[in-house]
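Heads up: the structure comes next, in structure tokens.
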């Protein structure tokens, strides 16, 4: 496994180009296709992360090695209600997992959510993604009860969590 994701060489920044949007799509399509089936809601969001996430009031980030290196991870926060954002489409290239990139992406997303006035961040995941679920728990996300869960556009979503800021 490459050792190049040391914290001093990792930069996290807003999606700023078509190439960044393409990397966002490709990273997510890769992990979703490995574990699940790509769904219509995935295709819509991944086909236009700026239009679907950023323009309605959210943010989308890429993590890259160095200032001009390859994109190795991504995450978004989508505005779902006043003061409520959804953590969406976190992905880290398999070759770069286990080096803290996901943790840094979540921290950046939560910082931006706070800056945008969020009082709550929600997310959906799947129990098969145990490492991701444990990472969310480490940030203080709590599992929601069935009575707290909104309908999901994703068949695979069987974990629903929230973090009150």
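Every read-out reported here was derived from the displayed coordinates using simple, explicitly stated rules and does not represent laboratory data. Computed from a predicted structure; not experimentally measured. Cβ placement follows ideal geometry from the backbone for every residue including glycine, while neighbour counts extend to all protein chains displayed.
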Fill in the blank from the handout: Listing 37, 11, 101 by rising number of other beta-carbon atoms within 10 angstrom, fewest first, gives 37, 11, 101
Exercise for the section: Identify which of 99, 146, 119 has the largest mean-square fluctuation in a Gaussian network model of the chain, with springs joining Cα atoms closer than 10 Å. Expected result: 146
Practice task
Compare 94, 56, 151 in a GNM of the chain, Cα atoms joined below 10 Å, and give the one with the largest fluctuation.
Solution key: 151
Exercise for the section: Multiply the residue gap between residue 34 and residue 119 by 0.36 nm, knock off their C-alpha separation, and tell me the result in nm, one decimal place. Expected result: 27.3 nm
Practice task
Output the Kirkwood hydrodynamic radius of the chain, Cα pairs only, in Å rounded to one decimal.
Solution key: 15.9
Completion exercise
Rounded to the nearest 10, the angle in degrees between the Cα long axis of helix 101-115 and the longest principal axis of the Cα atoms of the chain comes to 60
Fill in the blank from the handout: So the angle from the long Cα axis of helix 18-35 to the longest Cα principal axis of the chain, reported in degrees to the nearest 10, equals 60
Exercise for the section: With a/c under 1.5 counting as rounded, go ahead and sort the range 27-88 into rounded, prolate or oblate using the C-alpha gyration tensor (a ≥ b ≥ c being the square roots of the eigenvalues; past the cut-off, prolate if a/b is larger than b/c, else oblate). Expected result: oblate
Exercise for the section: Report, in whole Å, the centroid distance computed from the Cα atoms of the range 116-165 and the range 19-41. Expected result: 19
